[in-house]
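Scroll down for the structure; my scribbles are underneath it.
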Amino acid sequence: LEPLLPARVGARPGATVAETVGRRMGRRVLERLVAPIVGGVHSADPAELELAAASPQLATGLAEHGSLVRTVRRLRGGGRWGDAGRTAGASAGTRVHALAPTMAALPAALREELLAGGGIVRTGVEVTGLDREGEPWRVRTARGEQLEADRLVLACPPDTARSLLAGAAPEIAEAIPETPSAAVRLVALVLDAPALDSHPSGTGALVALGTPGIRAKALTHASAKWEHVERALREALPSAASPHLLRLSYGRPGEQLPGREEIVDLALADASAILGTPLTRSRLADWAVIDWDRAMRRPLPGHRAALDALARLLEARDDLELVGSWRAGTGLDAIVRADDARAAAAQTTPQTTPISPTAPTAPTEGTPR
């Protein structure tokens, strides 16, 4: 029935994910399907997350085609509207690609490209301030150094960018929208567990808020999802009969993160419940706990309009660019799409000179989209 609704239903400017989905698809779809996805991917409450900022493709598709259902089918099918039915049954998790051997390949490739182009790469250097009095930019570091550059790219959280630009470019700093961060704690479990050989939950699962007995918001069966992870595990653990890598994610809006001292046992219990098979420390070969305190950003209502205003200010100058998931959206796919869109817009605007980095040459499993 949703495709029969007028396109304007739930599609006001600044509408949240909950408002749009709830009005067009109903409460059950919102709570059982969309809320777990939003919580797992964005660590946010769909009632607080702006649709146009969190998923520009969905918002644009709704405006252009008048239906969320048709837009999702189009995005999943990757082709004509009529092609969607042939791929709609595929697991969404199998469509997520990854860099091989790890995500570390991306910064390594970027470093190589910069050095090949004559650049200088400085790591572990904290930037404490920026000055812009005439030409050029002056960058102050915690080591007492002052570096100069004609053009500046800030690839950092929005609050950091706002603080650094407050004195040198106050108009830009004030235009950067408030984007609250959500802390996330990940647990990686390396298990020798024959019971997981059948991939009991496919490539993973998202967990609805309030699911009894499970505190994790998501589980990824990484060695089932990506072949290069499975190969790496077998190479690293040649004596293991059935090596598997599980990743569990914790951190919901308003919820305190589990303590590091308890989280491994909690992750084993949650994985056992999600996968329907007992997993104990006797099967545990290794584990790691990773915290992301500021990486996950929650675009609030009005975020898209604020970003559009910021983009107009940045387009008027060729010496400054701001990049990050808080502008482009979550994931490499969103960042690549945003860069492609800026490049396309620059080609139709003669007075703008785009600065486009060479694409990384890291080996990939499929494409990083």
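Only the coordinates and a few stated rules stand behind these numbers; no lab work does. The structure displayed is predicted, hence computed values, not measured ones. Cβ placement follows ideal geometry from the backbone for every residue including glycine, while neighbour counts extend to all protein chains displayed.
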Label corresponding to Rg and Dmax of the Cα atoms in Å when calculated from the structure given, among (1) 22.6, 73; (2) 21.0, 65; (3) 22.4, 66 | (3)
Work out, step by step, the length gained on full extension between LEU106 and SER239: first 0.36 nm times the residue separation, then minus their alpha carbon distance; give nm to one decimal.
-> 44.8 nm
Pairs of Cα atoms under 8 Å, at least six residues apart: use those to get the relative contact order of the chain, whole percent.
-> 22
Taking Cα pairs closer than 8 Å and at least 6 residues apart, the relative contact order of segment 107-146 in percent is 27
Sequence-separation-based contact order of segment 187-278, relative, with Cα cut under 8 Å and 6+ spacing, percent = 37
Rounded to the nearest 0.05, what FRET efficiency do ALA311 and GLU230 have when you use their Cβ-Cβ distance and R0 = 56 Å?
-> 0.85
Nearest 0.05, what FRET efficiency do ALA142 and LEU4 give at R0 = 41 Å with Cβ-Cβ as r?
-> 0.10
Plugging the Cβ-Cβ distance of GLN57 and ASP159 into 1/(1 + (r/R0)^6) at R0 = 25 Å yields, to the nearest 0.05, a FRET efficiency of 0.40
